[in-house]
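Throughout, read-outs are computed from the coordinates displayed, never taken from laboratory work. Computed from a predicted model, the values in this text were never measured in an experiment. No Cβ is skipped: glycine too gets one built from the backbone with ideal geometry, and neighbour counts run over all protein chains shown.
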Amino acid sequence: MLGFQPYETFQLLIETGGVDRTNTLLIAACDAYARRGKPTGPEMEQFEALAGRLFPIAGPQARAKGAAILGRAELLSPMLERLVVDNIGEDLIPFLEKAVDLSDQTMLDIIGRYDVPACTTLASRANLSNVVLAKLFQMNSRKVYRALAANPHIVPRGAYLSALARSAQMDHLVAEALARRDDFDAGLLAPAFFDLSDAHRIKVIQAFAERSTPIAPIARTIEQLSVASAELTKALMKLFSENRRPEVTRLLAQITGLDEVRCGQIAHDVTGASLFVILRAFGATSYDGLKVLIHATSHDEDRSRALADFANMFASVSPKSMAYLMSAWRGEVNLLELTKPQYLPSMQESRRTPAALRPTQNPVVDHALEALSRLGVRRAG
């Protein structure tokens, strides 16, 4: 059997030897099996019987060493996988990472123990069955959800999509992981907008380009406000040009209904992403909106590119959709409505700004920059 002594010889040695001999036999048997390559059916059955006898009576260190050696074998049955998992100790995580194949039963047993580090490793594996995925998604663990969100082999759809979207609202690391994916609708990350990096905030806004949205609860409030869009942009431009951001905070709180903490974040957001949402929701045009953003933002490294992004979004993102995004910030909408067919995003060639729309060739940006130079006011630092 397997290139070493006959099975009956091992049986005799087990029965006549002590623990020390059992330890030696266990390690030798596991090493021989691991070196064997792909065993035949009878060979695997014999080794299962042998390992089932040796593991329970061997010492703890020998069991851990034998399991680690056995874990390197080319083919393990569910029974042998269970022996490895039960005895490998602190090497369990490397085993779960490197194992080419794991049976559903082994993974379900691990999940049933609620071993969070091990389950997190499982959540990162490819080719997980729906049975295993369902159990992982039922776990109340941020670490497991972070691994699920970052696993490119898991397609975010149906119940999995809903679960990931809800988790993103509670965990910014889940939101960031989902924002990095091209197969996840960034619009569903609207509630986590302020937890995202600058680039991913832009990605959330771009997810609403040329997209229909449900009627936002805040839309009626915007319609009832007596302030005109031109007056609003003029007031904001004056306040930002004089760096009176606390007054911007109070003004935004009055017109949006958002709490002052959130409005303070918007007023001090020198990337301009959150301010763009407000401006567009209230119907600001690209010309007036960009003049406000020029005063409010600081883009010393790539200022022109950022302005080009905003110019493109003024053209492609509707006030209605940004009002919906604002309502999402206020917790007034169910973002999962966006998964309905009528609200799915239009197919975009690319979410990156085309080279043809760089600021030097974009008249909207050029006019806004020219207007700023005529005004002779300083921009945010």
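If I model a spin label at residue 224 and residue 180 as a point 7 Å from the Cα along the Cα→Cβ vector, what separation in nanometres do I get?
4.4
Quick one: length gained pulling residue 72 to residue 86 fully straight, 0.36 nm per residue minus the C-alpha distance? Let's see the in-between values first.
Working: separation 14, 0.36 × 14 = 5.04 nm, distance 1.53 nm.
Gain in length upon complete extension: 3.5 nm.
Which length gain, in nm to one decimal place, applies between residue 49 and residue 138 when the Cα-Cα distance is subtracted from 0.36 nm times their residue separation?
That works out to 28.5 nm of additional length.
Once both labels are modelled 7 Å past Cα along the beta-carbon direction, what's the residue 285-residue 330 spacing in nm?
In this crude label model, residue 285 to residue 330 measures out at 2.7 nm.
Find, among the GluC sites (Glu not before Pro) in region 39-117, those assigned to loop by DSSP (not H, G, I, E, B) with at most 15 other beta-carbon atoms within 10 angstrom.
Loop-located and lightly packed - 74.
Expressed in nm to one decimal, what extension gain is obtained for the pair residue 109 and residue 32 from 0.36 nm per residue of sequence separation less their Cα-Cα distance?
Taking 0.36 nm per residue and subtracting the Cα distance, the gain is 25.0 nm.
Under 20 Å from the 7 Å Cα→Cβ point of residue 250, by amide nitrogen: which residues of region 260-277?
260-269
Please go through region 204-238 and write out the GluC sites (Glu not before Pro) that DSSP classes as loop and that have at most 16 other C-beta atoms within 10 Å.
Counting only loop positions with at most 16 other Cβ atoms within 10 Å, the GluC sites (Glu not before Pro) in region 204-238 are 210.
Would you mind counting up the charge near residue 161? Only other residues with Cβ under 14 Å from its Cβ, with Lys and Arg at +1 and Asp and Glu at -1.
Charge balance in the 14 Å sphere: +1.
Taking θ as phi - 60°, what are the ³J(HN,Hα) couplings along region 85-96 by the Karplus curve (6.51, -1.76, 1.60), each to the nearest whole Hz, with x for Gly and Pro?
Per-residue couplings from phi come out as 4, 6, 10, 6, x, 6, 8, 4, 4, x, 4, 5 Hz.
Please identify every one of the trypsin sites (Lys or Arg not before Pro) in region 148-240 that sits in a loop by DSSP and has no more than 13 other beta carbons within 10 Å of its own beta carbon.
Answer by residue number: 157.
Expressed as a fraction of 2.2 N^0.38 Å, the rule-of-thumb size for a compact globular protein of N residues, what is the C-alpha radius of gyration of region 51-207?
So the Cα radius of gyration is 1.23 times the expected 2.2 N^0.38 Å.
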